[in-house]
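The values are calculated or read from the model by the stated rules, or taken from the named source; none is laboratory data. All of these numbers come straight from a predicted model, not from anything done at the bench. Here the Cβ positions follow ideal geometry from the backbone for every residue, glycine too, while neighbour counts run over all protein chains shown.
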DNA sequence: ATGGCGACAGTTTGTCGA
């Protein structure tokens, strides 16, 4: 089973998403930043591409979706627990052929410090609490995300530039480390322990052409199933297409 | 700390993202 995560930066501005789907055909796809109301999700085009989908839209911002070509496809939850007042569309969870898939879009958190950074850390705490419950299941679990966290200095072309940014501040990195320590493996980093590679390049200044990027989109797997991850990578060339997102798709392949 | 660029809302400028 091949599982991909892709922050599309506006699903309706992104015809390249359909091209990427048809050319790479992942079994499961987690999308973030739909930037579309619920009834503006292009379900017809997605189905024409061979996928079923569940999605959670929102006006202007955020929005997440899970797409699959697999047989078993059951929505589990549409909200991250512990804050009923949180109205931002950032979490979806589904069971796909025996694998529990969490699709999430962690808040950016800038400017930091400030209320947006506080919201990011609170959201992260709720995620870590929920992830602990998921660890109790005996099934493989994949958390596929735009995490908006640069985990280490190996994950940015110029780490110094991001020292005071919400993506790289000590609190954000500590929250990510704490989540991993609670029983999760950063699967792409496990496959490629020492090389720099990125999933995001800013639109400005020909950042992609200069390979001035960040690794902020991650696929976490619960530790007991980490040895099932047999391959993975970033479909980096998609970032070079016209009218493309500022992120590139990242994916892993599970042996099961 | 700013810059710079792109999407969206809904009108021409503001907000947000990373």
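Among residues of segment A:40-51 that are under 16 Å from residue A:28 (Cβ atoms) and touching a residue at least 12 places away in the same chain (Cβ under 8 Å), those with a beta-carbon under 9 Å from a residue that is assigned to a helix (DSSP H, G or I) and away from DNA strand B (no atom under 16 Å from the Cβ) at least six positions away or on a different chain give the pairs A:46/A:21; A:49/A:21; A:49/A:22; A:50/A:21; A:50/A:22; A:51/A:21.
Restricting the search to segment A:21-67, which residues are away from DNA strand B (no atom under 16 Å from the Cβ) and over 20 Å from residue A:248 (Cβ atoms)?
Going through segment A:21-67, the residues away from DNA strand B (no atom under 16 Å from the Cβ) turn out to be A:21-29, A:44, A:47-54, A:66-67.
Scanning segment A:21-67 gives A:44, A:47, A:48, A:50, A:52, A:53, A:54.
State all residues of segment A:222-234 that are away from DNA strand B (no atom under 16 Å from the Cβ) and under 15 Å from residue A:192 (Cα atoms); if no residue qualifies, say none. Listed by number, the residues that qualify are A:226, A:227, A:229, A:230, A:231, A:232, A:233.
Is there a residue being away from DNA strand B (no atom under 16 Å from the Cβ), over 16 Å from residue A:33 (Cα atoms) and out of contact with any strand residue (DSSP E or B) (no Cβ under 8 Å at 6 or more places or on another chain) anywhere in segment A:103-117? So far as segment A:103-117 goes, no, none of its residues is away from DNA strand B (no atom under 16 Å from the Cβ), over 16 Å from residue A:33 (Cα atoms) and out of contact with any strand residue (DSSP E or B) (no Cβ under 8 Å at 6 or more places or on another chain).
Within segment A:137-152, being modelled with pLDDT of 95 or more and more than 15 Å from DNA strand B (Cβ to nearest atom) holds for A:139, A:140, A:141, A:142, A:143, A:152.
Only one entry in A:82, A:89 is at positive phi, at pLDDT below 95 and either within 13 Å of DNA strand B (Cβ to nearest atom) or in a loop (DSSP other than H, G, I, E, B) (or both), namely A:82. Select from segment A:1-20 the residues that are away from DNA strand B (no atom under 12 Å from the Cβ) and either free of Cβ contacts under 8 Å to residues at least 24 places away in the same chain or more than 16 Å from the chain's Cα centre (by Cα) (or both) and list them in ascending order. If the condition is that a residue be away from DNA strand B (no atom under 12 Å from the Cβ) and either free of Cβ contacts under 8 Å to residues at least 24 places away in the same chain or more than 16 Å from the chain's Cα centre (by Cα) (or both), then A:1, A:18, A:19, A:20 are the ones that fit. Among the residues of segment A:247-256, those that are crowded, with 18+ Cβ neighbours inside 10 Å and in a loop (DSSP other than H, G, I, E, B) comprise A:248, A:249.
Yes/no matrix, rows are residues, columns are (1) surrounded by fewer than 17 Cβ atoms within 10 Å (Cβ to Cβ); (2) over 20 Å from residue A:185 (Cβ atoms); (3) in contact with a strand residue (DSSP E or B) (Cβ under 8 Å, 6 or more places away or on another chain):
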position	(1), (2), (3)
A:121	no, yes, no
A:127	no, no, yes
A:135	yes, no, yes
A:145	no, no, yes
A:151	no, no, yes
A:154	yes, no, no
A:157	yes, yes, yes
A:160	yes, yes, no
A:163	yes, yes, no
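Considering every residue within segment A:128-149, establish whether at least one is part of a strand (DSSP E or B) and more than 19 Å from the chain's Cα centre (by Cα). Scanning segment A:128-149 turns up no residue that is part of a strand (DSSP E or B) and more than 19 Å from the chain's Cα centre (by Cα).
Scan segment A:183-209 for residues that are surrounded by fewer than 20 Cβ atoms within 10 Å (Cβ to Cβ), within 16 Å of DNA strand B (Cβ to nearest atom) and either within 21 Å of residue A:19 (Cβ to Cβ) or in contact (Cβ under 8 Å) with a residue 12 or more places away in the chain (or both) and jot them down. Spell out how you get there, then give the answer.
Step one: of segment A:183-209, the residues surrounded by fewer than 20 Cβ atoms within 10 Å (Cβ to Cβ) are A:183, A:185, A:190-197, A:202-209.
Within this subset, residues satisfying the condition of being within 16 Å of DNA strand B (Cβ to nearest atom) are A:196-197, A:202-209.
Across segment A:183-209, the qualifying residues are A:196, A:197, A:202, A:203, A:208, A:209.
Please pick out the residue among A:180, A:220 that is part of a strand (DSSP E or B), touching a residue at least 24 places away in the same chain (Cβ under 8 Å) and within 17 Å of the chain's Cα centre (by Cα). Talk me through it step by step, then tell me what you get.
Values: A:180 fails: part of a strand (DSSP E or B).
Only one candidate passes the filter, namely A:220.
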